[in-house]
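The structure appears right after this line, and notes come after that.
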Amino acid sequence: MIQAFANVARPLLEHSLIRRVRRNHALEHATVHMLTRKLKNLRVAGRASDSGFVLMGDIPTDAVEKAAHEALTRLQRGEHKLAIHPNCGTNLVTTGVMSTMAATIGLSVGSNTRRFSADRFSLTLMLTILALIVSQPLGMRIQELITTKGDPGDLEIIEINRREINWFGHKMVMHHIATRRG
């Protein structure tokens, strides 16, 4: 089903602007994979755009630079699976949508009665657990076919900038990895 949707959406997914975002999203994930291998207890969040991506987390700039360049090289060599990450927002959204749909279906069964029933609760719980189980591989597949593009094409890193901002009294470190083409 996801493959069929991706096939129909191919012209949109390959539009130059969207393709750049998808490639930068893939490079973001691959960079996080590289950082995870080097740094223990890594806490990082990212966001991709058509001009690159941002990593938020207290990470040494030299580690970000090395990881981003290694990630791009490995993607260029065909390691396209690095574009997929289990902690991606795509997975979170997929899980949220599926569990909400499951709960809605479960709670609507027998909804003509206002009385709470153990059967309705059990059904809702079962459907929600099933949705949680199915959403993991589904989210990964959506990443692979829609929200990332593992082939970086002619994407290149042009600069990496570090910024520190005060976020509600706490220091937040942000790295912007600027790219071009793609």
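Here are a few things to note about the model shown:
- The chain: angle of helix 61-76 to the longest principal axis, Cα-based, in degrees nearest 10: 80
- The stretch 42-182: relative contact order as a whole-number percent, Cα under 8 Å and 6+ apart: 34
- Helix 89-108 axis, angle to the chain major axis (alpha carbon atoms, nearest 10°): 10
- 3J(HN,Hα) from dihedral phi, the stretch 153-162, Karplus parametrisation 6.51/-1.76/1.60, rounded to Hz, x for glycine, proline: x, 9, 4, 9, 7, 9, 6, 10, 10, 9
- Under the convention that each Lys and Arg Cβ holds +1 and each Asp and Glu Cβ holds -1, the size of the dipole of the stretch 83-169 around its Cα centre is about 660 debye.
- Averaging Cα coordinates gives a centre for the stretch 52-77 and one for the stretch 118-139; these two points are 36 Å apart.
- Dipole-positive endmost among Ala178, Gly46, Phe5 within the chain (Cβ charges, Cα centre): Phe5
- Between Val109 and Arg181, the modelled labels are 5.5 nm apart [label points 7 Å from Cα along Cα→Cβ].
Bear in mind that the values in this text are calculations on the coordinates, not laboratory data. Given the structure is predicted, the values throughout are model-derived calculations rather than measurements. Glycine gets a Cβ as well: all are built from the backbone with ideal geometry, and neighbour counts include every protein chain shown.
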